[in-house]
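Undergrad: My questions will all concern the structure given below.
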């Protein structure tokens, strides 16, 4: 399966689980919107069991995307002059290889459930 076919297949799986979103999905143009739709559907999907074949396909897609972007190891970032335990980095947090990313703004540890919103919980796929 090509990457585009995988994205469409994953979208179909999620839309099968959440058929109420099919009318909105049908309004999107085919092509580049497919990946954005997948991101939105993954962000709003409630916790429930998945099809057995969904996770391997999702993992393959996200692994390929991460490999293309490259991974930044936080241990190799230059330390701040004022504190050797602190490093400043600006970029896509999904590229970071880190033990943890803390979202201090959300004490409930829940996502905002707004698809494609700029929140940290919507920035980390998977």
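Undergrad: Give the residue, chosen from 14, 28, that is in contact with a helix residue (DSSP H, G or I) (Cβ under 9 Å, 6 or more places away or on another chain), outside any helix (DSSP H, G or I) and surrounded by 10 or more Cβ atoms within 10 Å (Cβ to Cβ).
TA: Result: 28 is the single residue among 14, 28 that is in contact with a helix residue (DSSP H, G or I) (Cβ under 9 Å, 6 or more places away or on another chain), outside any helix (DSSP H, G or I) and surrounded by 10 or more Cβ atoms within 10 Å (Cβ to Cβ).
Undergrad: Which residues, taken from segment 53-83, are at pLDDT 95 or above and either loosely packed, with under 11 Cβ neighbours inside 10 Å or closer than 12 Å to residue 94 by Cα (or both)?
TA: If the condition is that a residue be at pLDDT 95 or above and either loosely packed, with under 11 Cβ neighbours inside 10 Å or closer than 12 Å to residue 94 by Cα (or both), then 53, 56 are the ones that fit.
The values are calculated or read from the model by the stated rules, or taken from the named source; none is laboratory data. Values in this document were obtained by computation on a predicted structure and should not be read as measured data. Positions of Cβ are generated from backbone atoms using ideal geometry, with glycine treated the same way; all protein chains shown enter the neighbour counts.
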